[in-house]
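Student: Questions regarding the structure given below will be posed in turn.
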Ligand SMILES: Cc1cc2nc3c(=O)[nH]c(=O)nc-3n(C[C@H](O)[C@H](O)[C@H](O)COP(=O)(O)OP(=O)(O)OC[C@H]3O[C@@H](n4cnc5c(N)ncnc54)[C@H](O)[C@@H]3O)c2cc1C
């Protein structure tokens, strides 16, 4: 893809209002894609095309319902973007239907790629810390297998963990309390989240 085409491709949006009056393709099927599609659909005269390679979305069901109810949102599934070219300052993208050889052409003024981020925790491996599926394995008190190293938040994993904000906050409190107890065993510690 040439540099002129790349100017129309975005991985993060700082000013949604700049997408007003445009046809915007949002590529992806998770929460990021759905949230961006909803946000952009609120801009005046914006037409949003949400493109995902499966008929099912990973993101929140209520967001999908909301998107389906909006007249300026078109949901295109199951399609994979394949070829692109820039014509009259618009990206012409060939969308290949999954499992078929058909390719349909769609035009976009701008594209938002929301396939998600993949955290690279490999550097932690060099410290001897156990990793599972790219995430840092922790046990009780958010301890890793290496004494003195703790992990919290979405980077950490243990059976049953779900990636939500509330858990990360709680885990930080558990880890800090554990660290303080090991550093100052003589002290009676009560640490409230508001004092962290
Ligand atoms: C679109 C979307 C919608 C969501 N909606 C909700 C919601 O409604 N409710 C909810 O509870 N949760 C929601 N979540 C999940 C929630 O955002 C995460 O669970 C939460 O942000 C995890 O916090 P964290 O601090 O563990 O990780 P992150 O928020 O991912 O923060 C990790 C930070 O570390 C940085 N980083 C990574 N590697 C390095 C490195 N090597 N060196 C330095 N810095 C590094 C990253 O850049 C990032 O800033 C949503 C997630 C997404 C993507």
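Student: When you go through (1) within 30 Å of residue 72 (Cβ to Cβ); (2) surrounded by 18 or more Cβ atoms within 10 Å (Cβ to Cβ) one by one for residue 117, which number turns out not to apply?
Tutor: Here residue 117 clears every test but (2).
Student: Now a separate question. Considering only segment 177-189, I want to know if a residue exists there that is touching a helix residue (DSSP H, G or I) at 6+ places or on another chain (Cβ under 7 Å), surrounded by 15 or more Cβ atoms within 10 Å (Cβ to Cβ) and farther than 30 Å from residue 87 by Cα.
Tutor: yes
Student: Give me a count of the residues in segment 39-55 that are surrounded by fewer than 18 Cβ atoms within 10 Å (Cβ to Cβ) and either assigned to a helix (DSSP H, G or I) or touching a residue at least 60 places away in the same chain (Cβ under 8 Å) (or both).
Tutor: Qualifying residue count, segment 39-55: 1.
Student: One residue is enough: does segment 113-121 have a residue meeting the conditions touching a helix residue (DSSP H, G or I) at 6+ places or on another chain (Cβ under 7 Å) and touching a residue at least 40 places away in the same chain (Cβ under 8 Å)?
Tutor: Checked against the condition, which is being touching a helix residue (DSSP H, G or I) at 6+ places or on another chain (Cβ under 7 Å) and touching a residue at least 40 places away in the same chain (Cβ under 8 Å), segment 113-121 yields at least one hit.
Student: Restricting to segment 159-180, give me the number of residues that are under 26 Å from residue 59 (Cα atoms) and touching a strand residue (DSSP E or B) at 6+ places or on another chain (Cβ under 7 Å).
Tutor: 1
Student: Among all residue pairs at least 6 apart or on different chains, which show Cβ distances below 8 Å where the first residue, located in segment 56-69, is under 22 Å from residue 98 (Cβ atoms) and the second is within 11 Å of the ligand (Cβ to nearest atom) and not in a helix (DSSP H, G or I)?
Tutor: Here the result reads 57/30; 58/30; 59/30, each pair linking segment 56-69 to a residue that is within 11 Å of the ligand (Cβ to nearest atom) and not in a helix (DSSP H, G or I).
Student: Applying the selection to segment 1-22, what residues are more than 16 Å from the ligand (Cβ to nearest atom), surrounded by fewer than 20 Cβ atoms within 10 Å (Cβ to Cβ) and not in a loop (DSSP other than H, G, I, E, B)?
Tutor: 3, 4, 5, 6, 9, 17, 18
Student: Scan segment 57-71 for residues that are surrounded by fewer than 17 Cβ atoms within 10 Å (Cβ to Cβ), modelled with pLDDT under 95 and in a loop (DSSP other than H, G, I, E, B) and report the count.
Tutor: 2
Student: Give all pairs with beta carbons closer than 9 Å in which a residue from segment 165-179 that is away from the ligand (no atom under 13 Å from the Cβ) meets a residue that is part of a helix (DSSP H, G or I) and at pLDDT below 95; count only pairs at least 6 apart in sequence or on separate chains.
Tutor: If the second residue must be part of a helix (DSSP H, G or I) and at pLDDT below 95, the pairs left are 173/193; 174/140; 178/140.
The values are calculated or read from the model by the stated rules, or taken from the named source; none is laboratory data. Owing to the predicted nature of the structure, the values given are computational and were not obtained by experimental measurement. In this analysis, Cβ positions are derived from the backbone assuming ideal geometry, glycine residues included, and neighbour counts consider all displayed protein chains.
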